[in-house]
Amino acid sequence: MADFSVKVIEKSASMLGEGPLYDSRKDELFWTDIKGKVIKSYCLKSGAVNSYEVGDFVGAFAFCEDENAL
């Protein structure tokens, strides 16, 4: 059996957090808070959590070739 640990990365709860997606180019984990109408990210290097308000329900998202776009 593999050893692993769990770490809380954000203390404020998402209303409906789903769809985690890892961006290896930035070493960041992204997920959507569907009901909160935001996309959130966690930087593994700095520990920073960012929220990107999108103004509508987010069911899915994907990365683009441009690292600064979703």
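The values are calculated or read from the model by the stated rules, or taken from the named source; none is laboratory data. Since the structure is predicted, the reported quantities are computational estimates derived from the model, not experimental observations. Every residue, glycine among them, receives a Cβ derived from its backbone with ideal geometry; neighbour counts consider all protein chains shown.
Counting only strands (runs of 3 or more DSSP E) wholly contained in the range 1-63, no element carries 3 or more residues that are exposed (fewer than 12 other Cβ atoms within 10 Å of the Cβ) and at pLDDT below 90.
Checking each residue in the range 26-61 for being touching a residue at least 12 places away in the same chain (Cβ under 8 Å) and aliphatic (A, V, I, L, M) picks out LEU29, ILE34, VAL38, ILE39, LEU44, VAL49, VAL54, VAL58, ALA60.
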